[in-house]
Amino acid sequence: MKEIIFATSNPNKVFEVQSKFDADNFDIKILPVPKPFDPIENGETFLENSYIKAFEAAKKTGKIAFGDDTGLCV
């Protein structure tokens, strides 16, 4: 089974993303990034901050990683 790191320390987000994958059709396990994980999110956009988190998670684990940055928009 392939493992992909989700650059978040929120276990609810990890569960939500993993639940989108049908275990019969995908051989993928989504894992949270190991703690401590607190990259400096100094991007100017959600995309830039997502990239920062994914890049740091990949460096930390040596695995493929992705990140999100939803922020709060009003």
With Cα coordinates, the longest principal axis of the chain makes an angle with the long axis of helix 46-61, in degrees rounded to 10, of 60
Taking 0.36 nm per residue of separation between LYS13 and THR70 and subtracting their Cα-Cα distance, the length gained on full extension comes to 19.4 nm
The local net charge around ILE52, scoring Lys/Arg +1 and Asp/Glu -1 for residues other than ILE52 whose Cβ lies under 10 Å from its Cβ, equals -3
The FRET efficiency for ASN42 and GLU3, from their Cβ-Cβ distance with R0 = 25 Å and rounded to 0.05, is 0.35
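Quick check for you: with a 1.4 Å probe and neighbouring chains kept, what is the accessible area per residue of the chain, in Å²?
I get 74 Å² per residue for this part.
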Distance in Å, no decimals, from the C-alpha centre of segment 37-55 to the one of segment 9-32 is 21
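Taking 8 Å as the Cα distance limit and 6 or more residues as the minimum spacing, I'd like the relative contact order of segment 1-48 as a percentage. Provide the component values of the computation, followed by the final result.
Numbers: 42 pairs, mean separation 22.7, N = 48.
Over segment 1-48, the number comes to 47 percent.
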Expressed in square angstrom to the nearest 10, the accessible area of GLU41 with a 1.4 Å probe stands at 80
Highest GNM mean-square fluctuation among ASN49, ASN25, ASN12, for the chain with Cα springs under 10 Å, belongs to ASN25
Of all lysine pairs in the chain that are eight or more residues apart or on different chains, those with Cα atoms under 17 Å apart total 13
Share of accessible surface on carbon and sulfur in the chain, whole %, 1.4 Å probe and ligands ignored, is 57
Sorted largest first, the Cα spans of the chain on the principal axes come out in Å as 39, 31, 18
Within the under-13-Å Cβ sphere about ILE64, not counting ILE64, Lys/Arg +1 and Asp/Glu -1 give a net charge of +4
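The values are calculated or read from the model by the stated rules, or taken from the named source; none is laboratory data. Remember, it's a predicted structure, so these values are computed and weren't measured experimentally. A quick note on method: Cβ atoms are made from the backbone with ideal geometry, for glycine too, and the neighbour counts reach across all protein chains shown. In case anyone asks, the SASA skips ligands and DNA or RNA and just uses the protein heavy atoms, side chains included. Shrake-Rupley method; radii C 1.70, N 1.55, O 1.52, S 1.80 Å.
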